[in-house]
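For reference, the structure is listed below as structure tokens.
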Amino acid sequence: VQLVESGGGLVQAGGSLRLSCAASGSRFYEMNWYRQAPGKQRELVAAITSDGHTNYADSAKGRFTISADNAKDTVYLQMDSLEPEDTAVYYCNAIAYYSGMTYWGRGTQVTVSS
């Protein structure tokens, strides 16, 4: 199983980024985006199930949108109105059908300058 994130980078406050997570090697019933800022615990940002149900952290509501392209086995996180507080390493996470095993990508850095 592989989860490969891309799309991170440096952006000014108020800008946008779109993260991608390409999954392979299994079928997943839920895929999530987490983030971890320096000195802080990893936290859930957004989640999407295989039937399209989504859930967001309060900090992401109204600014971030999670979506999935099932044909490409790819999940996206569109991040708008970015704030310096969004600076973190963003990780893709997936939970496999049947086994329930959890997988993680290696992360992609998002830096928002003020």
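The values are calculated or read from the model by the stated rules, or taken from the named source; none is laboratory data. Just so we're clear, the structure is a prediction, and the values are computed from it rather than from any experiment. Because the Cβ atoms are built from the backbone with ideal geometry, glycine has one as well, and the counts that use them run over all protein chains shown. For the accessible areas, the whole protein counts, side chains as well, though only heavy atoms, and no ligand, DNA or RNA atoms are used. Shrake-Rupley method; radii C 1.70, N 1.55, O 1.52, S 1.80 Å.
Key figures for this structure:
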quantity	calculated
Phi-based couplings in Hz for the stretch 78-85 (Karplus 6.51, -1.76, 1.60; Gly and Pro marked x)	8, 10, 10, 6, 5, 10, x, 5
Within the accessible area of the chain (1.4 Å probe), percent carbon and sulfur	46
Loop sites in the stretch 22-105: chymotrypsin sites (Phe, Trp or Tyr not before Pro), DSSP, at most 14 other Cβ within 10 Å	97, 98
Potential lengthening between residue 55 and residue 111 on full extension [0.36 nm per residue; Cα-Cα distance subtracted]	17.8 nm
Cα→Cβ-extended label distance, 7 Å offset, between residue 65 and residue 13, nm	2.5
Residues of the stretch 19-97: accessible area per residue with a 1.4 Å probe, Å²	50
Positive-end residue of 36, 48, 13, charge dipole of the chain with Cβ unit charges	36
Cβ-derived FRET efficiency at R0 25 Å, residue 42 paired with residue 97, nearest 0.05	0.60
Residue order for 114, 20 - accessible surface, 1.4 angstrom probe, largest first	114, 20
Area of residue 48 that stays accessible when all protein chains are in place (1.4 Å probe, Å², to 10)	20
Size of electric dipole in the chain: Cβ of Lys, Arg +1 and of Asp, Glu -1, about Cα centre, debye, nearest 20	200
Filtered trypsin sites (Lys or Arg not before Pro), the stretch 22-114: DSSP coil and at most 14 other beta carbons within 10 Å	27, 40, 61, 72, 106
Normalised contact order of the chain, rounded percent, pairs of Cα under 8 Å and 6 or more residues apart	36
